Amino acid sequence: MKVLIADLFSQAAIEEIQRSGIELVYNHQLNGDSLAAELTNFAPEILVVRSTKVTSQHINASPALEFIIRAGAGTDNIDSKAASSKGIYVANCPGKNSIAVAELVLALMLSVDRRIPEGVALLKQGKWNKGLFAECFGIKGRKIGIIGLGAIGREVSVRAKSFGMDVCGTDPFVSPEQTRALGIEYCSNAEEVSRISDVITFHVPATPETRGMINSAFIANCKENVVLINTSRGDIVNEQELLHELNQRAGLWYACDVYQGEPAVKEGDFVHALAQHPRVYGTHHIGASTKQAENAIGQEALRMILQYHRSRTVDAA
Ligand code: MLT
């Protein structure tokens, strides 16, 4: 069996695959045409990707492909429709990077509250400015609203409570009883969350229902000094409307890890009006980028590869 890994991947899992006798090509520089060429020439049965986009062009260029593994939670960088039309199975690794993403949410929230990136930048320029940060509020007793109470939203809740925050949340798939059992104040929808929260964090996939949900209408219901945090997907934001609101409302902050049209390549230029706004703190889609999360994802992908190698079947997580 042949496996192609076209993204940075856990070294321990790579060594395990090599020991198993599976033929492996590991090239994290592949994307676009170079990925299509490798899929044709090496003709793997299994393809593993993280950020790299897999389009119908790639599916059609793959004579032997049977199984695509997304080394992450979402599968939106894979054309799953084109894959299933060719009988190619697509699987993800849900829940394996939830803690890493939750940790980033807390880091972003604290960064906004204490203006840490600006303070660090000033010191690097040789400037001391204690007065600039006099507005920092503190987070104890403030309310965080969680939109999407899956694995990541729940990990955020646990950590926010440890800081003494009140937590409310909403999720169409989690009942009021289940929400309360998690120690989270139940809200029936995102609008209710928006009215009562000081910080709002989004943990939803990009679907027709969630696309553009961070928009002017949503922000109109929010408190004056609300902090919005998006570590889910760029597509859940109407970026033009959010930019407009940031320019209109001096108290609004936005912290994010994801952007519309963000690069699929690992490094390169990225000029983005939202990311450059003074009241936006952006990171580089690194929510899942901890050694702990990458090892957990690597082990889950490895489990699926070895099972598929043995039996041509796979038990999804
Ligand atoms: C995910 O879908 O789990 C993340 O976006 C993964 C990643 O950052 O690669």
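The values are calculated or read from the model by the stated rules, or taken from the named source; none is laboratory data. The structure presented is a predicted model; accordingly, all values stated were derived computationally and were not measured. Here the Cβ positions follow ideal geometry from the backbone for every residue, glycine too, while neighbour counts run over all protein chains shown.
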Inset, instruction - Could you check how many residues of segment 287-309 are farther than 17 Å from GLN11 by Cβ, part of a helix (DSSP H, G or I) and touching a residue at least 24 places away in the same chain (Cβ under 8 Å)? - result: 3
Inset, instruction - Could you check VAL314 against (1) at pLDDT below 95; (2) within 21 Å of ALA206 (Cα to Cα) and say which number it fails? - result: (2)
Legend entry - Subset of segment 56-87 that is away from the ligand (no atom under 16 Å from the Cβ) and of a type in the set (Lys, Arg) - its residue that is surrounded by the most Cβ atoms within 10 Å (Cβ to Cβ): LYS86
Inset, instruction - Go over the candidates VAL101, VAL90 one by one and state the one that is out of contact with any strand residue (DSSP E or B) (no Cβ under 8 Å at 6 or more places or on another chain), surrounded by 16 or more Cβ atoms within 10 Å (Cβ to Cβ) and not charged (D, E, K, R). - result: VAL101
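A quick yes/no check of all residues on (1) surrounded by fewer than 18 Cβ atoms within 10 Å (Cβ to Cβ); (2) among the β-branched types (Val, Ile, Thr); (3) farther than 30 Å from ILE88 by Cβ; (4) assigned by TED's automatic domain parsing to the domain that holds LEU8:
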| site | (1), (2), (3), (4) |
| --- | --- |
| VAL258 | no, yes, no, no |
| VAL265 | yes, yes, no, no |
| ASP269 | yes, no, yes, no |
| ALA275 | yes, no, yes, no |
| PRO278 | yes, no, yes, no |
| GLN299 | yes, no, no, yes |
| LEU302 | no, no, no, yes |
Inset, instruction - Scan segment 261-281 and give yes if some residue there is away from the ligand (no atom under 14 Å from the Cβ), touching a residue at least 60 places away in the same chain (Cβ under 8 Å) and among the hydroxyl-bearing types (Ser, Thr, Tyr), otherwise no. - result: yes
Legend entry - Matching residues, segment 276-286, being over 16 Å from the mean Cα position of the chain (by Cα) and part of a loop (DSSP other than H, G, I, E, B): GLN276, HIS277, PRO278, ARG279
Legend entry - Selected residue (criterion: farthest from GLY141 (Cα to Cα)) from residues of segment 194-236 that are assigned to a strand (DSSP E or B) and within 16 Å of the ligand (Cβ to nearest atom): ASN230
Legend entry - Among the candidates SER98, SER51, residue that is at pLDDT below 95, within 16 Å of the ligand (Cβ to nearest atom) and more than 22 Å from ARG312 (Cα to Cα): SER51
Inset, instruction - Provide a single number: the residues in segment 236-272 that are closer than 17 Å to VAL204 by Cα and among the β-branched types (Val, Ile, Thr). - result: 3
Inset, instruction - Looking at (1) of a type outside the set (A, V, I, L, M, F, W, C); (2) touching a residue at least 40 places away in the same chain (Cβ under 8 Å); (3) under 30 Å from GLN248 (Cα atoms), find the lone condition where HIS284 falls short. - result: (2)
